[in-house]
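**Student:** Encoded as structure tokens, here's the structure I'll be asking about.
The values are calculated or read from the model by the stated rules, or taken from the named source; none is laboratory data. Here the structure is a predicted model, which is why all the values come from computation and not from measurement. Don't worry about glycine lacking a Cβ; one is built from the backbone with ideal geometry, like all the others, and counts go over all protein chains shown. Calculation scope for accessible area: heavy atoms of the full protein, side chains included, ligands and nucleic acids excluded. Shrake-Rupley method; radii C 1.70, N 1.55, O 1.52, S 1.80 Å.
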Amino acid sequence: MVFKLNNHLLSRIASSNGHGEDSPYFEGWKAYDSNPHHPMENPNGIIQMGLAENQLSFDLIQDWLKNNPKASICTPEGVNEFREIAIFQDYHGLPEFRNAVAKFMAKVRGNKVTFDPDRVVMNGGATGAHETIAFCLADPGEAFLVPTPYYPGFDRDLRWRTGVKLIPVDSESSNNFKVTREALENAYEMAKLDNIKVKGLLITNPSNPLGTMLDRETLRSIVRFINEKNIHLVCDEIYAATVFRQPEFISIAEIVQEDIECNLNLVHIVYSLSKDMGFPGLRVGIIYSYNDAVVSCARKMSSFGLVSSQTQYMIASMLSDDEFVGKFIRESKTRMAARHRVFTDGLAQASIKCLETSNAGLFLWMDLRGLLKENTFEAEMALWRVIIHEVKLNVSPGCSFHCTEPGWFRVCIANMDDQTMEVALSRIRTFVNKDHVDTKKPKRTLRWQGSLKLSSPRIYDDFINSPHSPLPQSPLVLARN
């Protein structure tokens, strides 16, 4: 007898689409998976430009591994350590691992600050770290402010299982999407009007998707804001080592050690090796908190998503090699700068501009507003579908990042080789030169009717459950209804 699985047998969270897989951000990945580009086997397939991976310096990693076989417990040289590492399961982590990570975090930040290894809490990637910090700081129904545009995965990482809300803090292209005190105050006051308790502010520095950094005065303003409101500040700094040109990266850790009034118990850093080292599959996520209670709670909760002891052992060995770390950081920045220059020059040949203040990250914030049939998010989605299905490039539309202005797209540039990059640029130039956007053509009926633009920083739940939203409904909202 065959039994049919009914959703009512599952929890509302389990049977919902709260992961966000129906958003354009993940929809593009699915399109790529169904028709992936390969230079020989499928040259006309879709090129993946929606995945922020750092593949430009893997040769340096591979050379180090070849020269340091003892770093792996699965080699003849390292097998003597297999037993001790294989049975290690302390959720504090290997002391050598925490020491090496703390040292690497300081190195990436120019050794202008130091980090206490005893405050390093490991998690299963930045995804696990963000969810853990949300669990530690907020109860269901409480909220974090998040400046837009922001990484679409935050809607999953911080909200899906925690019941926490995200409140967008609007930014505009007129000032290069800077985070302003006025916008923070507006979002905070709107939350109060909606009877929502704001527990914290989440910032990403350097920004995903903008590829920009927060300057010193903006960071100081943010610290003053959270201190006055007595709310937490969570700083996602997972792209810290990807800054490839001036100005230099400024960590929140550098700001809080200045002569500025700040309750350190409110400040927390999320870090990872997924972007700076290019290790997303190793799932090395870090919470660094100045709050003893958060460190204690997060460490206990990390039992649900530990970094494997084998990975800890290898990372500890690699990051303890000062000569290698220094060379890797320098060479990675050089290669990223070169890739950024070649790609922006290639786009310029097609008269396409990107956010000029970008100097970090593994992507560009590409301005295609001139290719829209009209200044709406419907037009953005229509253009995105053409780029996906006709141009065969998986880029991510701005609406999936909650951008308030249609026509911006994130394009990842560090996850491919030079040959694939040239193919992608050639496709873009061909598309633009064919002048696909013909304003004389009759307008098509689009899937979503009406503008997605928010006139005020309404809570994310209002946006996500709008019939005009391209994103899925939250299971947590459905559960309340």
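**Student:** Taking 0.36 nm per residue of separation and subtracting the Cα-Cα distance, what length does fully extending residue 12 through residue 173 add?
**Tutor:** Taking 0.36 nm per residue and subtracting the Cα distance, the gain is 54.1 nm.
**Student:** Which pairs in the list 112/197; 192/373; 107/165; 333/353; 30/275 are over 26 Å apart, alpha-carbon to alpha-carbon?
**Tutor:** 112/197; 192/373; 107/165
**Student:** Pop a pseudo-label 7 angstrom from the Cα along the beta-carbon direction at both residue 79 and residue 341 and give the gap in nm to one decimal.
**Tutor:** With each label placed 7 Å out from Cα toward Cβ, I get 4.8 nm.
**Student:** With a 1.4 Å probe and every protein chain kept in, tell me what percent of the accessible surface of the chain is carbon plus sulfur.
**Tutor:** 50 percent
**Student:** Once ligands and nucleic acids are excluded and a 1.4 Å probe is used, how much of residue 334 is accessible, expressed in Å² to the nearest 10?
**Tutor:** Roughly 80 Å² of residue 334 is accessible to a 1.4 Å probe.
**Student:** Here is a follow-up. Give, rounded to the nearest 20 debye, the magnitude of the charge dipole that the range 152-253 has about its Cα centre when Lys and Arg contribute +1 at Cβ and Asp and Glu contribute -1 at Cβ.
**Tutor:** Here the size comes out at about 320 debye.
**Student:** Separate question: Size of the dipole of the chain about the Cα centre, Lys and Arg at +1 and Asp and Glu at -1 on the beta carbon, nothing else charged, in debye to 20?
**Tutor:** Dipole about the Cα centre, nearest 20: 980 debye.
**Student:** If you take the charge dipole of the chain about its Cα centre, with +1 on Lys and Arg Cβ and -1 on Asp and Glu Cβ, which of 260, 128, 372 is farthest toward its positive end?
**Tutor:** 372
**Student:** Accessible area, 1.4 Å probe, largest first: how do 304, 225 sort?
**Tutor:** Highest to lowest solvent-accessible surface, that is 304, 225.
**Student:** In addition: Once you have the Cα-Cα distance between residue 254 and residue 96, take 0.36 nm times their residue separation minus that, and quote the gain in nm to one decimal.
**Tutor:** Once the chain is fully extended between residue 254 and residue 96, it gains 54.4 nm.
**Student:** Work out the FRET efficiency for residue 111 and residue 87 from their Cβ-Cβ distance, taking R0 = 30 Å, and round it to the nearest 0.05.
**Tutor:** With R0 = 30 Å, the Cβ-Cβ based efficiency is 0.25.
**Student:** Still on this structure: Would you kindly find the accessible area of residue 367, with a 1.4 Å probe and non-protein molecules such as ligands, DNA and RNA excluded, rounding to the nearest 10 Å²?
**Tutor:** Estimated to the nearest 10 Å², residue 367 gives 40 Å².
**Student:** Follow-up. Show 74, 354, 297 ordered by accessible area, largest first, where the area counts protein heavy atoms only and the probe is 1.4 Å.
**Tutor:** From most accessible down to least: 74, 297, 354.
**Student:** Let a ≥ b ≥ c be the square roots of the eigenvalues of the Cα gyration tensor of the chain; is it rounded (a/c under 1.5), or, if not, prolate (a/b larger than b/c) or oblate?
**Tutor:** It is rounded, given that a/c, with a ≥ b ≥ c, falls under 1.5.
**Student:** Same structure, new question: Between residue 34 and residue 66, what's the calculated FRET efficiency when r is the beta-carbon distance and R0 is 41 Å? Round to 0.05.
**Tutor:** Efficiency at R0 = 41 Å is approximately 0.70.
**Student:** Among 257-265, 171-179, 145-153, 44-52, how do they line up from the highest to the lowest mean number of other beta-carbon atoms within 10 Å?
**Tutor:** 145-153, 44-52, 171-179, 257-265
**Student:** Taking 8 Å as the Cα distance limit and 6 or more residues as the minimum spacing, I'd like the relative contact order of the chain as a percentage.
**Tutor:** This gives 24 percent for the chain.
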